[in-house]
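One structure is given here, and the rest of the page talks about it.
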Amino acid sequence: MAEAQRVLGGRYLLKDKVGNGGMASVFRAQDQVLDRTVAVKIMLPQYAGDATFAARFKQEAQAAAGLQSPYIVGVYDWGKDGDTYYIVMEYLRGTDLKSGVRSHGALDPKKVAQIGSQICGALSVAHKHEIIHRDIKPQNIMVLPDGNIKVMDFGIARAKNSHLTQDNNVLGTAHYVSPEQTRGQELGPTSDIYSLGVVMYECATGKVPFDGDDAISVALKQVNELPVPPSQINPGVDPALERIILKCMEKDPAARFQTADELRAVLNSYAAGRAVDIAEPTTVISGAAPYGAGATETRVMGDATQAMMRPAAGPGSTASGPRIAPGTTGPRTSSYEEPKKNTGKIVAIVVGVIAAIGIAVFAATSLFGGGEMVVVPNVIDYPKEQAEETLENAGFKVDYGTEVTSDDVKEGNVVDQTPDGNREARKGSTVKLIISKGPVPIEQVEVPNLVGMTKEEAEAELARLGLKGKAHEEANDAEEGKVFKQGTNTGTEVDEGTEVEYWVSKGPDTVEVPAITGYTKQDAISLLDEAKLSYKFSEDYSDSVPSGCVISYDPQGTVTPGSTITIVLSKGPKPVEKVEAPYYVGASAATAARDLKALGFSVTLQGPADGVVTAQSASGSLPKGSNIVLTTQAIESGEGEDNEA
């Protein structure tokens, strides 16, 4: 039987394959008990006989089934069918985040924060169950039509107390693995937070932070190199989001956010427009690469990394390249020491770099003069005149960059400043201010024609135009799953961001019961499944309908969707009962006829009915109802009295 016709566990009817993973294939299936569509993950044949993979697969099911969150794909059931292991999961419609970023490029910073917050919601539940996902990447994050996400595939996740955690193979994708995962060390929640940082980096910039010709070179970069600040790739990434992402991606796990709940709180504050206080990221990796020649050694990140400035032409940037933030005496360094060889050489390199930085700072101070260090006032959201007055009273000069639009800061108020407020800078130095032009003017867009689209297509088209969708499902004669009407007429001019209602067909109010008389049981089931009808069976004998085929069904004609059809299957002709027919030659014809009829035979007399039987067509074991011919002869005078005697 073909794979897509199998029924697993006597319950899950496989429909069609919807995807392949590293260990399993995924099918759309019908749960015949609860009458719902599900996704069934089936272990690939090459792994089904492998005890280690089988144990890991079973553990995935047991672990994931215990995770309940609106941001985690639900696991309903799991089992073994023959030599095959399978997991039954929630069936989702949507696209994975990787495909979304490839299609649309960098996402809006607030959307990045929203996605990151929801992933944190999923990780928080898993981590509280002592489960580390180990494979957080955009391919494992499903974006639903309503814009929310669900984290998929806990296939690499393992409970911390499982013996399987001793297997240190790096199974995650190299672009997203943490440095400690690359080194095969024991993993904790901060490993998932690092991977989430990489995901948010990609969402914010459209690019992964580290790339290479092969997985090994990418993994080595995860350990040895610092990421280019996101704002240098996409100037639309603001400093607050940049600091959040780079804190997630610290090489030292202790320098990252320590829990998913902590990170989620920060992302929610950022998304709500509240100030977030995140320290500047590490700008030097202590120690040389532990992997020998070709690895990147200690280096100082240049332009914009230390003070989180944006590149030239952006607010707060310089045209001259790398610089050290005002008020600092050199870059911060991490206390995180990588496992390494040639310790003396590595220490010498680090000391040399720090010494060089110190000399440069000293030279700059000597050449351009010293000065008192004072705290820069925080003038974000101040009116322009008040901000200028406040800074001048504190001993600073004021300069202005290009004005920008802002949905959060009133027109004419300060939306950004360099250096940031509440940090020290040299008295008399210049503070650059960026003034808000107010919110972006609302654009008018034409409402598209959604009729005939699927829900996913309608949502994608509305999103492309900057509109929001509100879907309703309703029974209709239109094709199931297609939009059949919309609330705002096609071509109507509306504000960008307007919500457009539309209605998706659930199929007609009634369906036609297919004619299945004479069909085999399996063919009848296929037709009824296609019509979305339920069924139950009984059996009866039939001389005209072959065994296993449909004799009759009820009801017929049109019914409501989901109705149950009662089907009678043929058991073939009813078995014939045999009866022993006595031999009556020489007996009275009347007696013979009477007795044979009583036994269930039909009798034909050839001769007088009151005569004597001289011949009988059949006797012995005969089918009940058979016809027996009795040949009779008249009784001669005097013989009757002797016979009766």
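May I ask you to list the chymotrypsin sites (Phe, Trp or Tyr not before Pro) in the stretch 542-645 that are in a DSSP loop and have at most 12 other Cβ atoms within 10 Å of their Cβ?
TYR583
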Average accessible surface area per residue within the stretch 400-540, 1.4 Å rolling probe, Å²: 57
Which Cα, out of TYR502, VAL579, THR520, lies furthest along the positive dipole direction of the stretch 500-594 (beta carbon charges, K/R +1, D/E -1)? VAL579
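Carbon-plus-sulfur fraction of the accessible area of the stretch 402-533, 1.4 Å probe, in percent?
44
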Please give the contour-minus-distance gain from GLN46 to VAL276: 0.36 nm per residue of separation, less the Cα-Cα distance, rounded to one decimal in nm. 77.8 nm
For labels at ALA634 and VAL494 in the simple 7 Å Cα→Cβ model, what's the distance in nm? 10.8
What lysines sit close enough to LYS532 to cross-link, taking a C-alpha to C-alpha distance under 25 Å and skipping anything fewer than 8 places away on the same chain? LYS15, LYS17, LYS41, LYS455, LYS482, LYS485, LYS506, LYS521
Between LYS470 and ASN627, Cβ-based FRET efficiency (R0 56 Å, step 0.05) works out to 0.10
Over the stretch 172-257, with the other protein chains present, what is the accessible area per residue in square angstrom, probe 1.4 angstrom? 28
About the Cα centre, charge dipole magnitude for the stretch 456-504 (Lys/Arg +1, Asp/Glu -1 at Cβ), debye: 100
Let me check I've understood the local charge: for SER103, count other residues with C-beta under 15 angstrom from its C-beta, Lys and Arg +1, Asp and Glu -1. What total comes out? -2
For the stretch 73-118: relative contact order, % (alpha-carbon pairs under 8 angstrom, 6 or more apart): 24
Partner lysines for LYS397 [C-alpha distance under 21 Å; skip if fewer than 8 residues away on the same chain]: LYS384, LYS427, LYS432
Here FRET efficiency (C-beta to C-beta, LYS17 to LYS111, R₀ 22 Å, nearest 0.05) is 0.10
Provide the per residue accessible area, probe 1.4 Å, for the stretch 32-131, rounded to a whole number of square angstrom. 45
Return, ordered by residue number, the residues of the stretch 554-570 whose backbone nitrogen is under 16 Å from a label point located 7 Å along Cα→Cβ of SER544. 568-570
Might you work out the accessible area of ASP540 for me, using a 1.4 Å probe with all protein chains in place, and round it to the nearest 10 Å²? 80
Length gained if ALA215 through ASP261 is fully extended, taking 0.36 nm per residue and subtracting the Cα-Cα distance, is 13.5 nm
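The values are calculated or read from the model by the stated rules, or taken from the named source; none is laboratory data. Just so we're clear, the structure is a prediction, and the values are computed from it rather than from any experiment. Using ideal geometry, Cβ is built from the backbone for each residue, glycine included, and neighbour counts are taken over all protein chains shown. Note: areas computed on protein heavy atoms with side chains; ligands, DNA, RNA excluded. Shrake-Rupley method; radii C 1.70, N 1.55, O 1.52, S 1.80 Å.
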